[in-house]
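The structure appears below as structure tokens.
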Amino acid sequence: MGGRISSVTTTFAIIVVLLGTITCEAQLSSTFYDTSCPNALTTIRNTIRTAVSKERRMAASLVRLHFHDCFVQGCDASILLDDSPPTIVSEKGAFANNNSIRGYEVIDQAKAAVEKVCPGVVSCADIVAVAARDASFAVGGPSWVVKLGRRDSSTASIILANTDLPLASDDLTTLISKFNNKGLSAREMVTLSGAHTIGQARCVTFRNRIYGNSSDIDAGFARTRQRGCPSLNSNDNNKRLSPLDLVTPNSFDNNYFKNLIQKKGLLQSDQVLFSGGSTDSIVSEYSQNPTTFKSDFAAAMIKMGDISPLTGSAGIIRKICISFRRFCFPRWPNKWYQRRWLINLVLRSIYEKHRKSSRQGGLSGESRGLCGVVMDEYSKHGEGARGDVLNVKTHT
């Protein structure tokens, strides 16, 4: 038996060294799930269609969810993670996301449906990307081929969310800079801003524009919007909603750009795209050619979906998009106990997996799970340790 353990130990050490030298070259591909989960896209699409049919506004919310995900750490579903102190401070609390980003429950529904078809295969990040495409198409917007194979992050960054996401008050220079930082051009910034042809905005995001600005806003438009957004700053007033496009608020078209030319952009960050600056010509082009806009929008969404994805062995596949599954983990009195336990756990797991016959009371990873392994090792090597259960996360 000693010889077998020695051999397994050597093999394990070699594997660890080899894994450490491998560079992940995995690429995204539209056929990524063709074999592993051929019904994934159909399953997601059915969920999105149902959600949008119940509430047309949800289409805009799902497109925006993908955008806000990709701009922070890349397209890794980090925006879906809830708070998990002390390791994770959720991006949901960021200034641009708090009381604003929606659609989390729709992604959860799509994930649950996919898990029933092929558990542990499709990432939350890919579901968010596919949901944006399906939501766009559901309200008359373009469709596009979504590249797949993203994996989910195990971290979130509220700091990056507060610095990298565009704000309703940003000027043109700031917008161009934020998009350039993500590898997107000024034209692609204008294109993606066109997503504001659908959806609604909260009063707090445009109050200053409709009450304190007379130079680049149509006076009649401002008065109309003031009726739905009182000047008094209060929690109730701040939450009041107004469509970004008054003409066709639930249809994906190019009216957004026509509105800008008429000085009827609801957000300041919208109107700056047509205010005598470098992007005026792009707005004019899209206002006259809806086909060009939709084609460019699809291409820009594909490019945005390529922002820093986790692929190959990087990242994880979450079973539940908002968190990681917990498992038992004893609290050790010092690092020496912890290291010894971890080494014994790995070696024992490998050895038991390759045993040809099992003995009474021995480990069966398939039937007892990792928690059983942990508590076996805790009972043997955790002398003096407290048997707390920590919120340690696994990769499922």
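Laboratory data are not the source of any read-out in this text; all were calculated from the coordinates shown. None of the values given here were measured: they were computed from a predicted structure. Don't worry about glycine lacking a Cβ; one is built from the backbone with ideal geometry, like all the others, and counts go over all protein chains shown.
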- [ ] Kindly provide log₁₀ I(q)/I(0) values, in the same order as q = 0.19 Å⁻¹, from the Debye equation applied to equal alpha-carbon scatterers of region 175-261.
- [x] -0.97
- [ ] Holding the Cα-Cα limit at 26 Å, pick out from Lys54/Lys294; Lys178/Lys264; Lys92/Lys178; Lys178/Lys303; Lys263/Lys303 the pairs that are longer than that.
- [x] Lys263/Lys303
- [ ] Report the label-to-label distance for Glu55 and Ser185 in nanometres (one decimal), using points 7 Å from each Cα along the Cα→Cβ vector.
- [x] 3.7
- [ ] Tabulate in residue order the Karplus-calculated ³J(HN,Hα) for region 78-91, using 6.51 cos²θ - 1.76 cosθ + 1.60 with θ = phi - 60°, rounded to whole Hz; enter x for Gly and Pro.
- [x] 5, 5, 7, 5, 7, 4, 8, x, x, 7, 10, 10, 4, 6
TODO: Can you quote the Å³ per residue value for the convex hull of the Cα atoms in region 73-130, rounded to an integer?
DONE: 102
- [ ] Return the whole-Å distance between the Cα centroid of region 82-97 and the Cα centroid of region 114-177.
- [x] 17
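Report the extension gain between Asp34 and Thr224 in nm, rounded to one decimal, defined as 0.36 nm multiplied by the number of residues separating them, less their alpha carbon distance. Before the final figure, lay out the partial values.
Details: separation 190, 0.36 × 190 = 68.40 nm, distance 5.04 nm.
Length gained between Asp34 and Thr224: 63.4 nm.
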Open item on the list: Can you give me the long-range amide H partners of Leu148? Hydrogens built in the peptide plane at 1.01 Å from N, cutoff under 5 Å, separation of 5 or more residues or another chain.
Closed with: Ser29, Ser30, Thr31, Phe32
Open item on the list: If you split all Cα-Cα distances of region 230-301 into 10 Å bins from zero, what percentages do you get per bin, shortest first?
Closed with: 19, 43, 26, 12, 1
